[in-house]
């Protein structure tokens, strides 16, 4: 099951994990991280089975990378 989104940064030729993001209102069966879109310093993370208002309606979460953190 999808439960998190990992953020990475590149410095020189090396990649480092800089974040492990989760949905504050999420549950294991929500499939948070099933879909991800990144544009510059903004990430949109989908949870296809999140129960927002009704069963399995889904949700999207926006994260911004600012000052070295998500």
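Every read-out reported here was derived from the displayed coordinates using simple, explicitly stated rules and does not represent laboratory data. Being a predicted model, the structure only gives us computed values, none of them experimental. For neighbour counting, all protein chains shown are included, and Cβ atoms are generated from backbone atoms with ideal geometry for every residue, glycine included.
Of the residues 11, 49, 35, which exhibits the maximal mean-square fluctuation in a Gaussian network model of the chain defined by a 10 Å Cα contact cut-off?
11
For the stretch 33-70 and the stretch 2-21, what is the separation of their C-alpha centers, rounded to whole Å?
Here the two parts' Cα centres lie 16 Å apart.
For a bin width of 10 Å, list the pair-distance distribution of the chain built from all Cα-Cα distances, rounded to whole %.
Per 10 Å bin, starting at zero, the Cα-Cα P(r) for the chain comes out as 20, 48, 24, 6, 1 percent.
What FRET efficiency comes out for residue 70 versus residue 14 if R0 is 22 angstrom and r is the Cβ-Cβ distance? Round to the nearest 0.05.
Calculated value: 0.70.
How high is the FRET efficiency between residue 21 and residue 56 when r is their beta carbon distance and R₀ equals 25 Å, given to the nearest 0.05?
FRET efficiency, residue 21 to residue 56: 0.70.
Could you work out which residue, out of 30, 39, 56, moves most in a Gaussian network model of the chain, that is, has the largest mean-square fluctuation with Cα springs under 10 Å?
Largest GNM mean-square fluctuation: 39.
What percent does the relative contact order of the chain come to when contacts are Cα pairs within less than 8 Å and at least six residues apart?
Averaging sequence separation for qualifying contacts and normalising by length gives 25 percent for the chain.
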